[in-house]
Amino acid sequence: MATEEGIITKTGSDTAWAKTIKGSSCEACSSKDSCSEMQSGKEMIVEAYNPIGAKTGDKVVLSFATTSLLKAMFMLYVFPIICMIAGAFTGHHLALKYNYNDSFLSAIFAFLLFFLAIFVIRLRSEKLAKKNAYKPKIIRIVTKNKEN
């Protein structure tokens with residue numbers, strides 16, 4: 001489980017937005033060069049599930065379940081490649097069966113299944129974004145804001 005500290009800037013019904021400073025977990029991330037958050041500067045605002053009722057100004061510890069992260073990374077990076085390979089094999093076998101150009105049909109089916117995978121990811125990501133398991137979670141209040 002990855003953890004970071006942040007300060008709550010805004011709260012909602014069961015979520016809160018925390019300003020975090022990119023720390024060691026961002027530096028060790030393999031996607032840091034392509035991450036838009038890493039490009040924008042040292043601070044970032046993160047929407048997090050707030051089961052403990054942290055208030056604006058509280059310093060909190062945020063965590064993100066690595067299993068959720070691994071599932072999301074699999075779906076984003078591995079699933080389209082698997083679909084593309086399956087499409088190429090399907091196109092190859094159909095070309096042999098119906099006496100079509102092997103390369104052409106393999107490429108057509110590979111890209112067809114690749115774009116189908118992107119469509120599935122897009123639909124699935126909208127549903128996953130609403131689940132608290134795929135959001136950071138506030139696990140502890142380090143210091144309370146004195147004005148609360």
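The values are calculated or read from the model by the stated rules, or taken from the named source; none is laboratory data. Quick caveat: nothing in here was measured; it's all calculated off a predicted structure. Backbone-built Cβ (ideal geometry, glycine too); neighbour counts: all protein chains shown.
Only one entry in A86, A48 is modelled with pLDDT of 95 or more and surrounded by 13 or more Cβ atoms within 10 Å (Cβ to Cβ), namely A86. Going by the structure shown, is G57 in contact (Cβ under 8 Å) with a residue 12 or more places away in the chain, at positive phi and not in a helix (DSSP H, G or I)? Here the answer is yes, as G57 does meet what is asked. Screening the candidates L105, L116, L96, L128 for the property of being at pLDDT 95 or above and either charged (D, E, K, R) or surrounded by 15 or more Cβ atoms within 10 Å (Cβ to Cβ) (or both) yields one hit, L105.
Among the residues of the stretch 71-83, just one is in contact (Cβ under 8 Å) with a residue 40 or more places away in the chain and surrounded by 18 or more Cβ atoms within 10 Å (Cβ to Cβ), namely P80. Residue count for the stretch 1-15 under the criterion of being part of a strand (DSSP E or B) and under 12 Å from I139 (Cβ atoms): the result is 5.
Can we say K131 is of a type in the set (D, E, K, R) and touching a Ser or Thr at 6+ places or on another chain (Cβ under 9 Å)? Yes; evaluated as a whole, the condition is true for this residue. Selection of the stretch 1-24 for residues being modelled with pLDDT under 85 and either surrounded by 12 or more Cβ atoms within 10 Å (Cβ to Cβ) or closer than 20 Å to N145 by Cβ (or both) yields A2, I21, K22, G23. Here is a check on your reading of the model: is A133 closer than 30 Å to K55 by Cα and in contact with a helix residue (DSSP H, G or I) (Cβ under 9 Å, 6 or more places away or on another chain)? When the stated conditions are applied, A133 passes them.
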